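Notes follow once the structure below has been shown.
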Amino acid sequence: MDISWGNVASLAAAGLSAVAAAGAWLAAHRSANTADTVARIEQDRWHADLLPQFIVSLGPLEGDRGTLHVHLAGPLPLCHLDEIRIEIVQSDDMSYTSTLAGGVSQEEIDAQVWGPLRFSYGANGADINGSTVDPFDLAVGRGHPFSVELTRPPRWIEGNDRAVRWRERWAGKPMRLVLTCRRDGFKDWVVPREVEVPQGT
């Protein structure tokens, strides 16, 4: 069978075109992946740069109540947060499980605030357990006060000196908070804070 040099040249040109097209597609695909990676790195860097900076302090307690001040100090480019959720977490590193005697449920243990202070029930939308308050927004440079009170010993701690033993348990321990912050267009930030409780509380 005779094959003309023209046909060979055409086939070769077509093959080279296909290889070139495949190479161009591969280069474009790699370029797109690189662009996505760079954009993701830049977004993560920007997210880290905008990490909310809080000043959290506790005023002097009057009786068993006081005021917790949460101030959004920066950074300035953050401008504001659309939503902040605050939760009080354990002030020690112990694990509390329902192995206690007396029919104590895990639900009751989880509801107890294990620390020196809790949010005052009803103030700022605090629930009956005092571990959280209603979400709120805040602009950089602004603050928000919250009513707090000394925690009460759980019902399963017995004895006439139960309140004294409960206070002694948390003497010198901080109030531990976790602030979960949201702003549209960004991943959430989770910011832990420890607040020193005045001695003699």
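Summary of values
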{"item": "Pair Arg142, Val190: separation of 7 Å Cα→Cβ label points (nm)", "result": "2.7"}
{"item": "Kirkwood Rh and Cα Rg combined as Rg/Rh, the stretch 160-201", "result": "1.27"}
{"item": "Highest to lowest packing among 47-59, 108-120, 171-183, scored as the average C-beta count within 10 Å", "result": "108-120, 171-183, 47-59"}
{"item": "Å³ per residue enclosed by the Cα convex hull of the stretch 54-138", "result": "130"}
{"item": "Accessible area in square angstrom per residue, the stretch 121-173, 1.4 angstrom probe", "result": "56"}
{"item": "Accessible carbon and sulfur surface of the stretch 114-172 relative to its total accessible area, %, 1.4 Å", "result": "47"}
{"item": "Rg over Rh, two decimals, the stretch 72-201 (C-alpha only, Kirkwood Rh)", "result": "1.03"}
{"item": "Pairwise label distance in nanometres, Glu87 with Arg40, each label 7 Å out on the Cα-Cβ vector", "result": "2.7"}
{"item": "Rg/Rg_globular for the stretch 41-91, with Rg_globular taken as 2.2 N^0.38 Å and Rg from C-alpha atoms", "result": "1.53"}
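The values are calculated or read from the model by the stated rules, or taken from the named source; none is laboratory data. All values reported here derive from a predicted model rather than from experimental measurement. Because the Cβ atoms are built from the backbone with ideal geometry, glycine has one as well, and the counts that use them run over all protein chains shown. Just the protein is used for accessible areas: all its heavy atoms, side chains included, with ligands, DNA and RNA removed. Shrake-Rupley method; radii C 1.70, N 1.55, O 1.52, S 1.80 Å.
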